[in-house]
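Engineer: Shown below is the structure under consideration.
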Amino acid sequence: MGNCPRCPSHIHTFDYHDTLDKCPKRSTIAADNSPELDKFWLAVKTSGSKSDDPGSLNDSRAILQALTNSKVERGDLTKWKAENAYRKVHGEGSDGGKGKPALKSGSATGPASSSARPRPGEGGSAATKYSQSAGKSTPATKKEPKVPATGKLRRTPAPNLPSIEEEPEYSLAVLQCALDKSLNPSPKKLNVAVNYVVVKDHPAKLYVYGIDYGNIHPMKTSKQIKEDEQAAALVSQTETLSLGAKSVQTGEVSKPTDGERDEDDGDGGESDGAGDSESRAKGEGRKVSQRGEKMRIFGALQTRAPLSGIKCATDGATLWSLEPLNMLTMTDVEYKKLSGRKYKLDCITFNFLQDLDIPTDPARATKALVSKDAVTEKGDSMRITALNALISQHVIHNTSDRIVPVGPNKFFLKGGRTYDPNDMLDIHRGYFTSIRPGSSRILLNVNVATSAFYRPVLVSELYRLVKTTFNAYGKPEGLLKGLSVRIAHERVKYDDEYDPNNEGNRHRTIAGFGDKPAEEIFELDGKTISVARYFEQMLGANKLAHPDLPCVSVTVAPKTAKHSKGGGKGKGKANFSEEQDAKTPQPLWIPAEYLQIDPYQPFKKVLSGAHTDAMINVAARHPAKNQNLIIQEAFPLLGIDTTPSPFEKVGLTLGSQFLQIPATNLVPPKVFYRNRRHDGCFSANVTQASWNLIDARFYITPSASDFRDYPLRKPVGTLDMRSKSRQQKFDDIGKALSKQMVTYGIKFDPGVVDQSIYLDAMAGLLEETAGWNDITLYELLRKELLPKLGNAKLVVVLLSTKDQYLYGCIKRVCDQWLGVHTLCIVEEKLRIRNTANFKNITPQQLGNLALKFNMKLGGQNHQIASDRAADSSAFAPPSIFSSISQDAIVFGADVSHPSGGMSHTPSVAGVVASYDKNFALFSASMRLQAGTQETIEELEDMAYHRLKYFVDHRGFLPHRIVVYRDGVGEDQFAKCRSSEIPQVYRAYEKAKAYAKSKAKAVVRQSNDRDLDLTFIVVGKRHHTRFYACSEEDTYQAPNGQDTVVPQPFTKIHREGNVTHHNVKLNGNLQPGLLVDDVITRPSSDETFDFFLQSHDALKGTARSAHYSVLEKGTLDVQQIKNLTHAFCYNYMRATKGVSYAGPAYYADRLCDRGAHYLRGYTSRFEQPEIEMNDGEKKIKDKRKAARAFSKRVAEHISGLPDWNPDDDRIYREPNHGMSASTTLCSGYSPDSWPECMAVPRLLYHVYRTVRAWELQF
């Protein structure tokens, strides 16, 4: 009970009047301050009409007279019709409680239109509806909604999640299982198991169809249809009378209104532009754009011709069928959206593209898979895509109750989750499948997959977690937008044909966020009311538990709809005119605590450090456990090891056993150091791709030619940035590291290593501040630390935990502004086990820090030699690269796609290149390019500057270039061949001209020689795993190594007459594993691929690197394999062989560093500072338009100080103790870069003319 909003002086329910006569105090009804409108209805009732239903009145003169007397215009009746349709689509029933047409803003004092009427969160307003029948206004036939008492708004719990499915048990170090040996008829000395099964049979022909979708429209209920007919009849009669003999078409009022926009249904529609609104206003409906909606349409098509009974599969854009379709166009397709609302697609057309033949002969079939005659727009093989789609379709059809499909070929167990109740993410295990072209027949790859999913908690709870514990992900709104949510509270039912509280009808998609519930205001019956008041007073909700959180719109994004406060806040929020408001749908606001995140939604952002560690702990399974999961769980689940096989329905016959294939082991190269005890060199003891620095001096250390003031005049500085809760001081580590560096050959002035440079960054600075940023850190270090450092400026930074934000601040300030070399280490890594002592750091730990500083100072830590070299010698052993080192340069290239709060964040492309004969020293260039673009757009320019740098240092232009390109998928190989390889050739031609311009005494071998290019793609994100067939093929786990198993895997090991019991086994195959047959692609004279496991996997199952040679050059096949293996040991930052070639590893680190630089800018903005121009807006293809805009955003940021710091913010001293020759980069002289930053060697040099960071490793 309370004051009636229609007649304030009378007390009764909050519900609006069902009739004009219901209220006892009829004479006091405000009628929205529209006496003319009341007069109209009174005139209609007393005009002698034969029916009280305004929709069926046939006394035209009476209606016209009523219109004249009441001053109500035809346009108001049309608006009333549109207003009714708007509400009916959203479960509010006709007229939203008014029962009368609203007046124009100029004709009365009432509300202008339905645009000022957002629907707060109950799926329909609190108003009851009018029913125009029986000659008078009477209550609607449906029950009058009742408002619960305060505190009684029900919040229904979500359905229970499936119980957790535990992983199958196992207890073997090496899984003993039956293997398919059919493709390994002549076993070699080393045979391995691989997670592939044979495709024994496949379809001989596939038919490919493109799919065109028509427009979709909401399906109206029978009541809505009747009301529309009544309104149309009324308007038709009125217009006929008012216009005399001239007949006016009435089709416009029957067209869908803006209220029928799909976004209002909360289904995540993408279109929110003005053009899309106009198309709907014209009755054109909405185009289907999202894959999820397309798949719902196909779910409804399965029982209709021509798809009924047809063996086919689709991804929503393409259909692959085993039979030709006998009908290419279907009309009036009815389906349900995410919200449960019924919609109709007016037509769908299948356009025949081509048929695909797959030969029955196995060898010819696998070659057909890699044929270039049938590829998708993305570059994928169309045959592989089709076969994968057929497999996925039938996996989903047969296991939909247990799995959640993610993407085209990943399937996660609903019950296979690991969760922490205090976390925002769950970790699910699942499986991956993919058709692979083997060397002699088609294969299927099956692997374990692990991924993070949003926890199904209340939106308010996730919002709190992100704002507090997991703030590394930025603003919660960026994570939540686009997620599917469940409306948790009970809503009022206004439509007999649609129950909003049915579980299938509760789901919507988050479109945006508004103000706090008490501040988010909307109009209700001409009066304003806040969302908080509406829920608490009108719906009977308890006082909101989270009044500080913003309201959530589950219909349209706020930027496309005017809402009270905040509608124009933020970049990209438009100001709408009154005319635009009338066309714009309104958001449906719901407090965050009444929305629950739907389960099984994958987390698509880059994981934070803490979540990455948690993911590794779950995903890093022992090899035998991984293998057992696939055989015992994945095979039966996916239907691979079931009878009858579900894949037989689509013409596929699969094997049910892992393949056994031949392999070889490459002998590790020898790693040489200078001997600490005497002159000469010695070979380190390499065991399982790892060694230590006992008795070692670095192979090459800095010299006076590198630094004007050498030996170093100051010790390593220490910067303590741990939290105040730390227990141990840190000042001794800098002194200990300086002393250790002396033993490795780095010279300091006498007595320097006994000094200590220590700064406690937390002392006093954070007493009044909330945290670090670039400016506060810069001011502290410039004043307190920089004056104490010497010429080399070496600093060790101690952090409490892995903190990507703080790490980025340190690198930006020290690299870009101060020219200081830093190494960041986490406190826990230096703590002696079971103690809090930092003084007894092991020599190996200090050595690991020292070798990185030696590299930053321009040194070379070790020399890689052939395995046939003597273990010790008085002179340097010949390099393993001697066959190419005199006339070659090695490149590494990569692209990273930084995640951040800003949309259209650019990608970072990086190129590194060697400039010494041992391939130990690398310089580098970076560029920004359009976000998510994988092809390196400015590779030509970066490669040209690296070649110039080589010419300047070596005096000649190399004849051979070897490129290790990281991060390219197989679908992008064609783009690499057509774009990146030609760029390298063009860069070489430009470098030729530069080399010829140099003095003849300096330049040799650079005039007329053609380039000899070897281009190798390094693949890391593949799903191929190798397993030992016997215990003899694996090796003993190092002491203390975590084997990641529930119980230690042991065996009895015998050496001669000595028996060793309980030996822990690593479970992986020995480092140096080379696989180049059976599972590799069909090769040619110029292209081939191979797998190489060059490292020791300390945790979990080893993942080999997959090398694909796109251009071989004059190097032979075995030479490429051996050189690649050697480059894995030539990585100067570690005392072990790394998992992929060093040049690609350097490029990866370069792009990662660039991403940290970029975040200094992108973390401050939600939208770029520039907006789309008219040319970009006119591009019809939205992806191409976004790419063009992203490219311009990258160009804009490239010229900003955030990427290229200004001179006046950089601490500089004359030449930083370096000679002019060591500061030069890319051929520029000091006089030619007045705006560039001159910083110590191996740091970043800025050149505005090329928009690049130039780096030396």
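Engineer: Give Lys342/Lys605; Lys516/Lys802; Lys188/Lys1136; Lys605/Lys649; Lys223/Lys311; Lys481/Lys802 a once-over and call out the pairs whose C-alpha atoms are over 31 Å from each other. Mind showing how you got there, number by number?
Structural biologist: On the way: Lys342/Lys605 33 Å; Lys516/Lys802 34 Å; Lys188/Lys1136 28 Å; Lys605/Lys649 38 Å; Lys223/Lys311 40 Å; Lys481/Lys802 27 Å.
The pairs that break the limit, which is 31 Å between Cα atoms, are Lys342/Lys605; Lys516/Lys802; Lys605/Lys649; Lys223/Lys311.
Engineer: Now a separate question. At Lys287 and Val742, where each label point lies 7 Å from the Cα along Cα→Cβ, what is the point-to-point distance in nanometres?
Structural biologist: 7.3
Engineer: Related question: Sort the following peptides by mean Cβ neighbour count (other Cβ atoms within 10 Å, averaged over residues), highest first: 1104-1114, 462-472, 504-514. Intermediate results must be reported in sequence, preceding the final value.
Structural biologist: Values: 1104-1114: 19.3, 462-472: 17.2, 504-514: 22.5.
The packing order, highest mean first, is 504-514, 1104-1114, 462-472.
Engineer: Can you tell me the accessible area per residue over the range 913-981, all protein chains present, probe 1.4 angstrom, in square angstrom?
Structural biologist: Per-residue value: 24 Å².
Engineer: Now for a separate question. Once fully extended, how much extra length lies between Lys975 and Tyr419, figured as 0.36 nm per residue of separation less the alpha-carbon to alpha-carbon distance?
Structural biologist: Net length gain for the segment: 196.1 nm.
Engineer: Would you kindly state how much longer the chain becomes between Lys311 and Lys336 on full extension, computed as 0.36 nm times their sequence separation minus their alpha carbon distance, in nm to one decimal?
Structural biologist: Details: separation 25, 0.36 × 25 = 9.00 nm, distance 2.35 nm.
Fully extending the segment from Lys311 to Lys336 adds 6.6 nm.
Engineer: If you count, for each residue, the other Cβ atoms within 10 Å and average over each peptide, how do 393-399, 909-915 line up from highest to lowest? Please list the in-between numbers first.
Structural biologist: Numbers: 393-399: 18.0, 909-915: 27.9.
In descending order of packing, they fall as 909-915, 393-399.
Engineer: Can you tell me which of 385-392, 805-812, 688-695 comes out highest on packing, and rank the rest after it, using the mean Cβ neighbours within 10 Å?
Structural biologist: Result, highest mean Cβ count within 10 Å first: 385-392, 805-812, 688-695.
Engineer: Could you give the length gained by full extension between Asp916 and Ala610, i.e. 0.36 nm per residue of separation minus their alpha carbon distance, to one decimal place?
Structural biologist: On the way: separation 306, 0.36 × 306 = 110.16 nm, distance 3.88 nm.
Gain in length upon complete extension: 106.3 nm.
Engineer: At a Förster distance of 41 Å, what's the computed FRET efficiency of Glu323 paired with Val667, Cβ-Cβ distance as r, to 0.05?
Structural biologist: Efficiency, rounded to the nearest 0.05: 0.15.
Engineer: At R0 = 45 Å, how high is the FRET efficiency between Thr1114 and Glu377 if r is their beta carbon distance? Nearest 0.05 is fine.
Structural biologist: For R0 = 45 Å, the calculated efficiency reads 0.80.
Engineer: Rounded to a whole number, what is D in µm²/s for the range 872-1022 from Stokes-Einstein with the Kirkwood radius over alpha-carbon pairs (10 °C, 1.306 mPa s)?
Structural biologist: D = 96 µm²/s.
Engineer: Calculate, axis by axis, the spread of Cα positions in the range 299-365 along the three principal axes, and write the results as whole Å, longest axis first.
Structural biologist: 51, 23, 20
Engineer: Sticking with this structure for a sec: Rounded to the nearest 0.05, what FRET efficiency do Asp401 and Asp1174 have when you use their Cβ-Cβ distance and R0 = 56 Å?
Structural biologist: Numbers: r = 51 Å, r/R0 = 0.91.
Taking R0 as 56 Å, the efficiency between Asp401 and Asp1174 is 0.65.
Engineer: Whole number please: convex hull volume per residue of the Cα set in the range 887-942, in Å³? Before the final figure, lay out the partial values.
Structural biologist: Numbers: hull volume 4.4 nm³, N = 56.
Spread over its residues, the Cα hull of the range 887-942 gives 78 Å³ apiece.
Engineer: Under a plain spin-label model, where a point goes 7 Å from the Cα along Cα-to-Cβ, how far apart in nm are Gln354 and Asn160?
Structural biologist: 5.3
Engineer: If I model the range 1081-1135 as equal point scatterers sitting on the Cα atoms and use the Debye formula, what is log10 I(q)/I(0) at q = 0.19, 0.22, 0.24 Å⁻¹?
Structural biologist: Reported log10 I(q)/I(0), two decimals: -0.76, -0.92, -1.02.
Engineer: May I pose another question? With N denoting the number of residues in the range 920-963, provide Rg(C-alpha) divided by 2.2 N^0.38 Å, to two decimal places.
Structural biologist: Scaled against compact globular proteins, the figure is 1.34.
Engineer: From the gyration tensor of the Cα coordinates in the range 409-485, what semi-axes in whole Å does the equivalent ellipsoid have, largest first, with each one equal to sqrt(5λ)? It would help to have the intermediate numbers written out before the result.
Structural biologist: Values: eigenvalues 238, 35, 21 Å².
Equivalent ellipsoid semi-axes, largest first: 34, 13, 10 Å.
Engineer: Oh, and also: Distance in nm between label sites at Ser656 and Gln804, each 7 Å beyond Cα in the beta-carbon direction?
Structural biologist: 4.3
Engineer: Continuing with this model, one more query. Rolling a 1.4 Å sphere over the protein heavy atoms, what is the accessible area per residue of the range 274-404, to the nearest Å²?
Structural biologist: Working: 6210 Å² over 131 residues.
With the other protein chains kept in place, the range 274-404 gives 47 Å² per residue.
Engineer: Relative contact order for the range 882-986: what percent, with Cα pairs under 8 Å and sequence separation of 6 or more? Write out the running numbers ahead of the final one.
Structural biologist: Values: 164 pairs, mean separation 32.5, N = 105.
Taking the mean separation of contacting Cα pairs over the length of the range 882-986, I get 31 percent.
Engineer: Let me ask something else. In the range 196-228, whose amide N lies under 13 Å from the spot 7 Å out along Cα-to-Cβ of Arg364? List them in ranges.
Structural biologist: The answer is 204-205.
The values are calculated or read from the model by the stated rules, or taken from the named source; none is laboratory data. Just so it is clear, the model here is predicted, and its values are computed rather than measured. Please note: Cβ atoms are built from the backbone with ideal geometry, for glycine as well, and neighbour counts cover all protein chains shown. Please note that ligands, DNA and RNA were not included when accessible areas were found on the heavy atoms of the full protein model with its side chains. Shrake-Rupley method; radii C 1.70, N 1.55, O 1.52, S 1.80 Å.
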